[in-house]
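The structure appears right after this line, and notes come after that.
The values are calculated or read from the model by the stated rules, or taken from the named source; none is laboratory data. As the structure is a computational prediction, the values presented were derived from the model and not from experiment. Heads up, the Cβs are rebuilt from the backbone with ideal geometry, glycines too, and the neighbour counts pull from every protein chain shown. The accessibility values were calculated without ligands, DNA or RNA, using every heavy atom of the protein model including side chains. Shrake-Rupley method; radii C 1.70, N 1.55, O 1.52, S 1.80 Å.
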Amino acid sequence: MNEYHVSLQPESLMTHMKAICKGIGPRPSASEKEKQAADYVEKTVRQFGITNIERQLFKTQNSPGWIEIPCLMAGLFGIAFAMVGGLWGKWIGSILLLSSALVFQRFLFVIPPFFNKLITRWSSQNVIVKVPAANQAQRTIYLAGHLDSQKQRFQFPPSPFWMMKIQTSLTVVAGIIGSILLLVDILSNHPTSLYWLALLGFLYLYGLLSLIYDETQPHVEGANDNATAISVLLAMAQALRDQPLQTTDVVLLFTGSEEAGCTGMESYLKQYSPSKENTFWIDIEMVGTGNLCYITRHGVSYLSTYLPHPDMVAFAEQTAHKNPHLRVTGKDMVIIEEVANLWKRDYKAICIAGYNTDGVLPNWHRLSDNLSNIEPATLSRAAFYVWMLMQEIDRSNSS
Ligand SMILES: [Zn+2]
């Protein structure tokens with residue numbers, strides 16, 4: 001046994017893991033199972049004797065497919081119009097291709113599309129738990145972890161993994177190139193090669209069919225992604241009840257529908273508008289196997305990079321340096337998660353994640369993301385690191 005609170009030890013963390021992965025199972029975004037995970041969190045935190053619990057209900061889409069598929073359909077229709085519709089067809093095609101590229105690119109920064117109202121037809125929830133500081137609070141740490149789990153998705157990420165950034169970037173680039181080709185055609189009266197349009201059309205069709213196929217896949221157990229985060233957050237609740245931070249309130253933010261486009265975090269920030277001045281945000285993703293890192297660069301395409309806040313990188317670096325036994329390092333990762341919502345609003349945020357021997361997210365969006373592939377010792381090490389990181393921020397006098 002070491003000096004860390006019992007709740008941060010492997011046995012205690014694995015109790016939550018079993019309850020979430022086996023007791024509840026796969027947790028599709030905005031589903032009854034996701035709600036059951038929210039209920040489990042609330043019940044468990046109440047058992048710890050913590051009563052400052054709030055539930056925020058919000059409307060969301062239940063799959064990223066509600067944005068990705070219309071984007072690819074717009075591109076495909078755009079090309080079809082351009083090929084058969086004469087001058088007007090080319091104008092419509094150019095506009096559709098450009099819109100497709102822009103909406104898709106914004107989605108890579110989790111910005112809701114212009115047709116958001118049409119697709120947010122499901123109910124989801126965030127569970128918000130507050131553990132106050134021992135003394136007068138000078139700042140707030142937010143710990144985020146999502147409740148839902150994704151489908152198995154062969155395009156997100158594709159195999160091999162290195163294709164992820166190329167493929168995702170291509171979706172945006174194809175729309176822009178197609179749109180420009182058609183504009184040149186219209187303005188110069190020089191017919192665009194049918195060959196290029198056909199090639200683009202083939203790419204869109206391939207992308208569209210692949211995405212539709214992914215929508216038919218089963219939901220994964222989501223042990224690593226992201227029952228590990230729920231377990232770590234619950235462990236923090238229990239430990240903080242006994243050993244609250246000195247001058248830092250902690251808000252545990254169990255978010256809904258992250259997998260559908262980070263809509264839980266988006267709804268929280270919209271409704272509550274937390275201060276940017278004295279808040280520190282730590283998102284936890286897939287920390288149950290392999291190696292651990294704080295992410296130094298995020299994004300799933302070359303056109304959608306986002307970064308952690310430098311202040312948070314400094315805290316994460318110091319914590320890793322002071323605790324070499326926890327073996328946490330800074331690392332660029334191919335990932336999209338809730339730091340994106342925070343980054344675009346200039347919050348001080350960072351993500352703690354796991355990676356495998358290939359340097360990528362382990363078992364990401366595959367059926368192999370199940371409880372049997374979780375290493376309790378790694379999960380516990382992640383909990384120790386998050387605990388030490390919170391202590392570092394609490395001691396810092398920053399606001
Ligand atoms: Zn996740």
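Miscellaneous remarks
- Test: residue 187 is open to solvent by 40 Å² or more (accessible area, probe 1.4 Å) and within 25 Å of the chain's Cα centre (by Cα): no
- Among the residues of the stretch 162-184, those identified as surrounded by fewer than 20 Cβ atoms within 10 Å (Cβ to Cβ) and either within 30 Å of the chain's Cα centre (by Cα) or outside the structural domain of residue 83 (by TED's automatic domain parsing) (or both) are 162, 163, 165, 166, 167, 169, 170, 173, 176, 177.
- Inspection of the stretch 228-241 identifies no residue that is among the hydrophobic types (A, V, I, L, M, F, W, C), more than 15 Å from the ligand (Cβ to nearest atom) and surrounded by fewer than 18 Cβ atoms within 10 Å (Cβ to Cβ).
- Residues in the stretch 243-256 include none that are among the acidic types (Asp, Glu) and within 16 Å of the ligand (Cβ to nearest atom).
- Residue match in the stretch 211-226 (condition: open to solvent by less than 60 Å² (accessible area, probe 1.4 Å), in contact with a helix residue (DSSP H, G or I) (Cβ under 9 Å, 6 or more places away or on another chain), within 30 Å of residue 14 (Cα to Cα) and of a type in the set (S, T, N, Q)): yes
- Of all residues in the stretch 140-156 being assigned to a strand (DSSP E or B) and away from the ligand (no atom under 16 Å from the Cβ), the one that is farthest from the chain's Cα centre (by Cα): 140
- The listed residues are 45, 84, 41, and the only one of them that is out of contact with any His (no Cβ under 8 Å at 6 or more places or on another chain) and open to solvent by 70 Å² or more (accessible area, probe 1.4 Å) turns out to be 84.
- Exactly one residue out of 123, 159 is of a type in the set (S, T, N, Q), open to solvent by 30 Å² or more (accessible area, probe 1.4 Å) and in a strand (DSSP E or B), and it is 123.
- Number of residues in the stretch 127-149 that are open to solvent by less than 10 Å² (accessible area, probe 1.4 Å) and not aliphatic (A, V, I, L, M): the value is 5.
- Hey, residue 327 over 19 Å from the mean Cα position of the chain (by Cα), basic (Lys, Arg) and open to solvent by 40 Å² or more (accessible area, probe 1.4 Å) or not: yes
- Of all residues in the stretch 55-68, one or more are open to solvent by 10 Å² or more (accessible area, probe 1.4 Å), over 30 Å from residue 208 (Cα atoms), out of contact with any Lys or Arg (no Cβ under 6 Å at 6 or more places or on another chain) and outside any helix (DSSP H, G or I).
- Residue 332 in contact with a Lys or Arg (Cβ under 9 Å, 6 or more places away or on another chain) and charged (D, E, K, R): yes
- Residue match in the stretch 285-295 (condition: more than 16 Å from the ligand (Cβ to nearest atom) and surrounded by fewer than 21 Cβ atoms within 10 Å (Cβ to Cβ)): yes
- At least 1 residues being under 19 Å from residue 63 (Cα atoms) is the threshold, and among the helices (runs of 4 or more DSSP H) wholly inside the stretch 217-336 those reaching it are 263-272.
- Test result for residue 192, open to solvent by 20 Å² or more (accessible area, probe 1.4 Å) and not in a helix (DSSP H, G or I): yes
- Residue 357 polar (S, T, N, Q) and either under 19 Å from residue 8 (Cβ atoms) or part of a strand (DSSP E or B) (or both): no
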